[in-house]
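These notes concern the structure reproduced below.
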Ligand code: BES
Ligand code: MN
Ligand code: ZN
């Protein structure tokens, strides 16, 4: 897809489809210009209430030969910045539905402020790129391809071009990162094995000048990762620990570390899951895929941060040599863990990765994991669960969630919950019972993150969609990239 940014005029525009803003019940100058060329048709439709007042409502018009362009999408852009962003995303969706070969967006003409124009271009392009993605890599007949080859972003004056350009770059990077996360998430478990994830990370590193190291079984044994290895034991696929490094910041700047859960298939192990929708447990590596997608976006943007990614990856399978309920394993940190349920395996692989990442002396550590069904019960599929041992870090993540429209809510880590993790036989148990299941899982992790500022994102409800539109969402790549863009330089 080719992007052009310049001031254009809708009445003279020969793109197949034009996107025009409506603000409330009035027409911005650029839309009024098209309205005049159409003899007042747009004004009539808006007065008649054919375009709903809710931001992001759209109405498609056939221009039937009156102009060079064939179609126009009217978008309700509301009166504030948030509404304008919602309009940009809705316009991108409507455009994907029409599937034209060329289009021009005039939305930036409705943005009053510099920052609004940049954010608008970003939101539009990000949505456009993610709308292009189809999960058809494993179909012999591909879905109808998206035809859009020429995309013009118009602005009111030449002085606005630079703002749109920076938004375009951010939108492209985010779209590419999210699509990588989705493609890896959607890949079936027989393709997307721990070895495959490691290869994908190595390829990403080659393409983006990152450092990538892949540790195998023997090295993990030497490191004493008894908890991680216990989960991996029941599978025919050998585990991997993937370590990625991106250096965009000053040499002495401590890195931000991202740790992603990479269970390429979670059967539950000996504590076998019920069969219904078990296929969805191929998505149990979406934390890992989020780390890779975030690295992809950060590298494309060239952000001035130092970043470390750590991905423990294996399968959770039942087998004669598999981990059993009642087994006690020794973590890399030295804490012994009584495994009361082999289906609580995410925390068992993450705890060793969280210990390992300490060697990078990270400024902050953020882990991303499809960790608990309880988080889905608490927050549904709308909101990611956030836990943190540091208020400033939690606040920075919540601010980034707001800016990126990647909804996130903080849940507590109060001391009282640790009672539920007591074991009669080991230092701690790997489950805390049904009450507050998302919290006790996070509390388990917190026992391994005392040496640094840490946040945990439970994405069990938000990393993928079930039902007819089943598939990985690419979340929370927008949240993490926004957090890293805001990350105070020099920290
Ligand atoms: N991968 C699952 C969590 C999950 C469940 C994600 C449903 C998305 C949808 C995790 O490994 C798991 O099985 N957790 C158990 C923990 C329980 C045994 C304490 C759960 O949530 O049921
Ligand atoms: Mn599980
Ligand atoms: Zn799992």
Looking at 327, 343, 352 in this structure, which one is within 30 Å of residue 467 (Cα to Cα) and in contact (Cβ under 8 Å) with a residue 24 or more places away in the chain?
343
Apart from one, (1) assigned to a helix (DSSP H, G or I); (2) outside the structural domain of residue 360 (by TED's automatic domain parsing) all hold for residue 183; the odd one out is (2)
Considering 226, 269, which residue is closer than 22 Å to residue 357 by Cβ and in contact (Cβ under 8 Å) with a residue 12 or more places away in the chain?
226
When every residue in segment 277-321 that is out of contact with any strand residue (DSSP E or B) (no Cβ under 9 Å at 6 or more places or on another chain) and closer than 19 Å to residue 341 by Cα is compared, the one farthest from ligand 3 (Cβ to nearest atom) is 320
Taking segment 247-266, which residues are in contact (Cβ under 8 Å) with a residue 12 or more places away in the chain, away from ligand 2 (no atom under 14 Å from the Cβ) and surrounded by fewer than 24 Cβ atoms within 10 Å (Cβ to Cβ)?
247, 248, 249, 250, 253, 254, 255
Per the filter on segment 323-343, residues within 17 Å of residue 284 (Cβ to Cβ) and surrounded by 24 or more Cβ atoms within 10 Å (Cβ to Cβ) are 323, 342
Just one of 353, 400 is under 30 Å from residue 85 (Cα atoms) and in contact with a strand residue (DSSP E or B) (Cβ under 9 Å, 6 or more places away or on another chain); which is it?
400
Find the residue count for segment 273-321, including only residues that are more than 13 Å from ligand 2 (Cβ to nearest atom) and outside any helix (DSSP H, G or I).
18
Can you tell me how many residues in segment 205-214 are in contact (Cβ under 8 Å) with a residue 60 or more places away in the chain and in contact with a helix residue (DSSP H, G or I) (Cβ under 6 Å, 6 or more places away or on another chain)?
1
Which of (1) under 16 Å from residue 270 (Cβ atoms); (2) buried (at least 24 other Cβ atoms within 10 Å of the Cβ) does residue 347 not meet, given it meets every other one?
(1)
Residue hits (segment 95-118; in a helix (DSSP H, G or I) and touching a residue at least 60 places away in the same chain (Cβ under 8 Å)) are 95, 98, 107, 109, 110
Answer yes or no as to whether residue 242 is more than 16 Å from ligand 3 (Cβ to nearest atom) and closer than 20 Å to residue 200 by Cα.
yes
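The values are calculated or read from the model by the stated rules, or taken from the named source; none is laboratory data. Worth saying up front: this structure is predicted, and the values here are computed from it rather than measured. Cβ atoms come from the backbone with ideal geometry, glycine included; neighbour counts cover every protein chain shown.
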